[in-house]
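Scroll down for the structure; my scribbles are underneath it.
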Amino acid sequence: VAASLQHPNIVSYIEHGTHNGIVYLVTEYVSGMDASKLAKKRGGKLNFKEVIKIIEQTLSALDFAHNKGFVHRDIKEQNILVEGHYPNYLAKLTDFGLSKSYKQTGMSGVTMVGDVAGTIAYMPPEQVRDFKEVRPPSDIYAVGMTAYSLLTGAHALDISPKAGIAETVKAIFEKPIIPIASRVPEVPIRVSAVIETALAKQVELRWRSAGEMREALLRAASEFS
């Protein structure tokens, strides 16, 4: 997967092999830090202009991967590396470890329990329901969750950090999201709307592609640039 995903916003693969029975993977070095650490450094959240810059690049990476038939399945702030300084951030999506070609899903017949390693709190209902049948809209939802967290420093579904799996799963299916405006009023309504559309529980109500979401985000951003 890594070798076939050469894109400016994806951490690039260099080589892999084994040494003394240990499998290794060599990737490019990215200076800077992951988006989660960047937000923590700023007191827990980022300015909406910074979030747009990071998320539109992440969506560009995803659009490329989806068009090649891959889903990431574990998008979260920790998997987006950011180098440079705003407005010259360069964001790179990493850890396609859980990635699987969605064009081939359903072929394996067996899913290992460890496959649910993806961050449950960022998973959409359909991914929780059937982990094997994950499609690009699941990544779009997870990008929405990531953007929401970077903007507000909180979880969209109001799940406490100590919540167990059962409580988290119940919230994913039943709890409405808390509007961004009620947490960070200064985020422009059109920007919030793009992110909240990605968080629809029904797949058909989300953006149809990562490219479409990226265009909508950039259009919303152009109003105040």
Farther than 18 Å from Ile120 by Cβ, assigned to a loop (DSSP other than H, G, I, E, B), open to solvent by less than 50 Å² (accessible area, probe 1.4 Å) and not β-branched (Val, Ile, Thr), is that true of Ala200? yes
Inspect segment 55-63 for any residue being on the phi < 0 side of the Ramachandran plot, surrounded by fewer than 23 Cβ atoms within 10 Å (Cβ to Cβ), modelled with pLDDT of 95 or more and in contact with a strand residue (DSSP E or B) (Cβ under 8 Å, 6 or more places away or on another chain) and give the result as yes or no. yes
State whether the residues of segment 157-164 include one that is assigned to a loop (DSSP other than H, G, I, E, B), farther than 23 Å from Lys37 by Cα and more than 16 Å from the chain's Cα centre (by Cα). yes
Qualifying positions in segment 64-83 - within 28 Å of Arg208 (Cβ to Cβ) and surrounded by fewer than 18 Cβ atoms within 10 Å (Cβ to Cβ): Asn67, Lys68, Gly69, Gln78
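Kindly evaluate Val143 against the criterion of being modelled with pLDDT of 95 or more and part of a loop (DSSP other than H, G, I, E, B).
no
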Total residues in segment 155-204, condition of a type in the set (Lys, Arg) and in contact (Cβ under 8 Å) with a residue 12 or more places away in the chain: 4
Here is a check on your reading of the model: is Lys132 modelled with pLDDT under 80, under 29 Å from Leu25 (Cα atoms) and assigned to a helix (DSSP H, G or I)? yes
So for segment 84-99 (the condition being polar (S, T, N, Q), at pLDDT below 90 and either in a loop (DSSP other than H, G, I, E, B) or within 23 Å of Arg208 (Cα to Cα) (or both)), does at least one residue qualify? yes
Failed condition for Ile195, given (1) surrounded by 14 or more Cβ atoms within 10 Å (Cβ to Cβ); (2) within 12 Å of Ala121 (Cβ to Cβ), with all others met? (2)
Kindly list, by first and then second residue, each pair from a residue in segment 26-45 that is surrounded by 12 or more Cβ atoms within 10 Å (Cβ to Cβ) to a residue that is basic (Lys, Arg), limited to pairs with Cβ atoms under 8 Å and residues at least 6 apart or on different chains. Val30/Lys92; Met33/Lys41; Ser36/Lys76; Ala39/Lys45
Looking only at segment 1-22, which residues are at pLDDT 90 or above, open to solvent by 30 Å² or more (accessible area, probe 1.4 Å) and of a type in the set (A, V, I, L, M)? Ile14, Ile22
Would you mention how many residues in segment 42-54 are among the charged types (D, E, K, R), modelled with pLDDT of 95 or more and farther than 18 Å from Ile10 by Cα? 3
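The values are calculated or read from the model by the stated rules, or taken from the named source; none is laboratory data. Note that the structure is predicted; figures quoted are calculated from it, not measured. Because the Cβ atoms are built from the backbone with ideal geometry, glycine has one as well, and the counts that use them run over all protein chains shown. Note: areas computed on protein heavy atoms with side chains; ligands, DNA, RNA excluded. Shrake-Rupley method; radii C 1.70, N 1.55, O 1.52, S 1.80 Å.
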